[in-house]
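The values are calculated or read from the model by the stated rules, or taken from the named source; none is laboratory data. Here the structure is a predicted model, which means the values were calculated and not measured. Virtual Cβ from ideal backbone geometry, glycine too; neighbours counted across all protein chains shown.
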Ligand code: FAD
Ligand code: EPU
């Protein structure tokens with residue numbers, strides 16, 4: 001059923017008020033194509049959990065929410081399991097199911113909000129793991145032809161918070177399912193410093209995948225705001241990737257700037273550190289601001305507009321350009 005003038009506030013984790021001219025949910029490919037046939041000429045927005053979106057205005061088109069469910073073990077042996085999940089499954093529920101079954105690979109990605117279907121969009125990542133590390137393939141609906149196409153990892157062109165679906169194929173596909181290759185004999189990934197520290201605090205020396213998940217959840221809960229309480233979409237910006245020369249230049253004024261290796265000899269700077277150094281951490285403007293424990297997260301305390309938050313992000317970008325000569329890129333999808 002298609003609704004009209006539909007309030008999207010419960011469907012975005014920023015908790016922003018925005019109306020969709022038309023709104024529908026779909027739980028199968030057939031339902032999806034029926035909806036698209038009913039409103040063929042509308043501009044289209046696919047919504048998962050709405051946890052990476054900033055609505056700056058009403059959506060003058062059709063918003064469709066993906067509710068395709070499913071958790072299917074396609075193959076399992078002593079070493080590995082291949083699992084296909086419906087795009088409308090909640091990501092964290094999928095992680096919990098994998099941990100329960102002893103399938104390793106996604107435990108570091110515990111508690112990331114949103115849907116399975118959105119996970120390849122920006123190649124979600126946390127605590128040393130990205131979905132590209134466990135990805136096998138996905139099925140996606142080609143909006144123009146109604147055909148279903150399969151993409152392997154190479155075709156997805158994954159990068160840091162990037163994929164082909166955010167790039168040259170933007171707006172052309174609706175992801176229906178994602179298939180993951182998981183391990184039964186895990187190589188646990190505890191390289192991210194905070195995980196080792198947290199495991200030590202928990203008194204664990206030989207962690208299981210469940211222990212890693214618990215450690216990640218504890219770290220996340222200590223600094224990231226719960227969107228059910230404070231509206232947010234996680235990191236608002238990407239961590240900038242810059243040249244060695246840029247790092248050397250910034251070091252002349254900020255000798256302690258942390259920086260990490262990135263692809264092709266480049267260096268990644270923690271945007272949260274830059275924003276904090278520039279004095280923005282915890283800044284509050286009536287109903288919105290910069291989170292007090294994680295400067296990379298912009299927050300809506302209730303009643304802010306998407307435009308106010310967008311303008312705040314622009315002020316931060318400009319200030320950091322002036323102070324560090326580095327331009328931040330927004331990670332959140334601006335609508
Ligand atoms: P939505 O916000 O609904 O959509 C995001 C984009 O994907 C939109 O462009 C939408 O059109 C598109 N899209 C959604 N579903 C589909 C589909 N089936 N087919 C085609 N396009 C689709 N992200 C990380 O990577 N790492 C983190 O650690 C992390 N932590 C977070 C913490 C918090 C508290 C919050 C609120 C967010 C965090 N995020 C993190 C961001 C967010 O959780 C992810 O980007 C997530 O994958 C978004 O999923 P979603 O279903 O909510 O997507
Ligand atoms: N930092 C500060 N001040 C801050 C925030 C961070 O100095 O206010 C410093 C920290 O001390 C640390 C460094 O920045 O040295 C990195 O911080 P953190 O480990 O919290 O990670 P992040 O780089 O801020 C990234 C992802 C998160 C992901 C975490 C954990 C991006 C854009 N963000 O954040 O993803 O959960 O690492 O791996 O890459 C998201 O994408 O929405 C998201 C939350």
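Selection of the stretch 187-201 for residues being assigned to a helix (DSSP H, G or I), over 13 Å from residue 110 (Cβ atoms) and within 12 Å of ligand 2 (Cβ to nearest atom) yields 193, 194, 197.
In the stretch 124-135, the residue that is nearest to the chain's Cα centre (by Cα) out of those that are touching a residue at least 40 places away in the same chain (Cβ under 8 Å) and near ligand 2 (Cβ under 10 Å from one of its atoms) is 126. Hey, among the residues in the stretch 87-104 that are more than 14 Å from ligand 2 (Cβ to nearest atom) and touching a helix residue (DSSP H, G or I) at 6+ places or on another chain (Cβ under 7 Å), which one's farthest from residue 136 (Cα to Cα)? Looking at the filtered set, the residue picked out is 99.
Out of everything in the stretch 305-316 that is surrounded by 15 or more Cβ atoms within 10 Å (Cβ to Cβ) and either at pLDDT below 95 or away from ligand 1 (no atom under 16 Å from the Cβ) (or both), what residue ends up being farthest from residue 277 (Cα to Cα)? Taking the candidates together, the pick is 305. For beta carbons closer than 6 Å, sequence separation of 6+ or different chains, a first residue in the stretch 28-48 that is in the same structural domain as residue 114 (by TED's automatic domain parsing) and within 25 Å of residue 166 (Cβ to Cβ) and a second that is surrounded by 15 or more Cβ atoms within 10 Å (Cβ to Cβ) and at pLDDT 95 or above, there are no qualifying pairs. Identify the residue in the stretch 283-300 that is touching a strand residue (DSSP E or B) at 6+ places or on another chain (Cβ under 6 Å) and not in a strand (DSSP E or B) and, among all such residues, is surrounded by the fewest Cβ atoms within 10 Å (Cβ to Cβ). Filtering the stretch 283-300 for residues that are touching a strand residue (DSSP E or B) at 6+ places or on another chain (Cβ under 6 Å) and not in a strand (DSSP E or B), the one surrounded by the fewest Cβ atoms within 10 Å (Cβ to Cβ) comes out as 283. Name the residue that is surrounded by the most Cβ atoms within 10 Å (Cβ to Cβ), counting only residues in the stretch 136-163 that are in a loop (DSSP other than H, G, I, E, B) and more than 21 Å from the chain's Cα centre (by Cα). Per the stated criteria, the residue is 143. Taking the stretch 1-113 as the region of interest, the strands (runs of 3 or more DSSP E) fully inside it that hold 3 or more residues being exposed (fewer than 15 other Cβ atoms within 10 Å of the Cβ) and either within 10 Å of ligand 1 (Cβ to nearest atom) or modelled with pLDDT of 95 or more (or both) are 3-7, 71-76. Among the residues of the stretch 164-174, not a single one is under 22 Å from the mean Cα position of the chain (by Cα), surrounded by 17 or more Cβ atoms within 10 Å (Cβ to Cβ), touching a residue at least 60 places away in the same chain (Cβ under 8 Å) and within 16 Å of ligand 2 (Cβ to nearest atom).
Report whether or not residue 122 is assigned by TED's automatic domain parsing to the domain that holds residue 106, part of a strand (DSSP E or B) and surrounded by 15 or more Cβ atoms within 10 Å (Cβ to Cβ). Here the answer is no, as residue 122 does not meet what is asked. Name the residues in the stretch 209-229 that are more than 10 Å from ligand 1 (Cβ to nearest atom), closer than 23 Å to residue 183 by Cβ and touching a helix residue (DSSP H, G or I) at 6+ places or on another chain (Cβ under 9 Å), would you? Within the stretch 209-229, 209, 210, 211, 212, 213, 214, 215, 219 qualify.
Just one of (1) surrounded by fewer than 19 Cβ atoms within 10 Å (Cβ to Cβ); (2) touching a residue at least 12 places away in the same chain (Cβ under 8 Å); (3) more than 16 Å from ligand 2 (Cβ to nearest atom) fails for residue 223. It is (3).
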